[in-house]
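Notes to accompany the following structure.
The values are calculated or read from the model by the stated rules, or taken from the named source; none is laboratory data. The shown structure was predicted, so the numbers you read here are calculated from the model rather than taken from an experiment. Here Cβ is always computed from backbone atoms with ideal geometry, including for glycine, and neighbour counts include all displayed protein chains.
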Amino acid sequence: MVVPVLLLAVMVVCWAVTRRPRPVPPPGPVPLIPRAESTEGLLVAQLFGGDLTPAQYRRAMACLAQRDDSRHPLPLPE
């Protein structure tokens, strides 16, 4: 008989604690949106932000790789 009464008391206390309104913290400064320092960084930010699909991201990265290869070709080892 003691255990069910004790369990009921604990449940009532837990319920009362969760029902108590919590103070709302004051609004802080709005965080700045980080700016991408490269085209790749911009694409990653757009991908994570939901502006690009994974397929669009891969296609854009492939175009960047082609452009980089044509502008800065790597010499083949001899």
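Looking at the range 39-55, I want the residues that are at negative phi and have a partner that is assigned to a loop (DSSP other than H, G, I, E, B) and small (Gly, Ala, Ser) with Cβ atoms under 9 Å, at least 6 apart or on another chain. Which pairs are those?
Listed pairs, sorted by first residue: Leu42/Ala36; Leu43/Ala36; Val44/Ala36; Ala45/Ala36; Gln46/Ala36.
Report, by residue number, each residue of the range 33-78 that is among the hydroxyl-bearing types (Ser, Thr, Tyr) and not in a helix (DSSP H, G or I).
Ser38, Thr53
So, Thr18, is that one out of contact with any helix residue (DSSP H, G or I) (no Cβ under 7 Å at 6 or more places or on another chain), surrounded by 10 or more Cβ atoms within 10 Å (Cβ to Cβ) and of a type in the set (Val, Ile, Thr) or not?
Values: out of contact with any helix residue (DSSP H, G or I) (no Cβ under 7 Å at 6 or more places or on another chain): yes; surrounded by 10 or more Cβ atoms within 10 Å (Cβ to Cβ): no; of a type in the set (Val, Ile, Thr): yes.
Here the answer is no, as Thr18 does not meet what is asked.
Could you check, for the range 40-58, whether at least one of its residues is modelled with pLDDT under 80 and surrounded by 10 or more Cβ atoms within 10 Å (Cβ to Cβ)?
There is no residue in the range 40-58 that is modelled with pLDDT under 80 and surrounded by 10 or more Cβ atoms within 10 Å (Cβ to Cβ).
Report, by residue number, each residue of the range 50-69 that is more than 24 Å from the chain's Cα centre (by Cα) and of a type in the set (S, T, N, Q).
Scanning the range 50-69 gives a single hit, Gln66.
Return yes or no: is Val30 exposed (fewer than 10 other Cβ atoms within 10 Å of the Cβ) and in a helix (DSSP H, G or I)? Break it down stepwise before answering.
On the way: exposed (fewer than 10 other Cβ atoms within 10 Å of the Cβ): yes; in a helix (DSSP H, G or I): no.
No.
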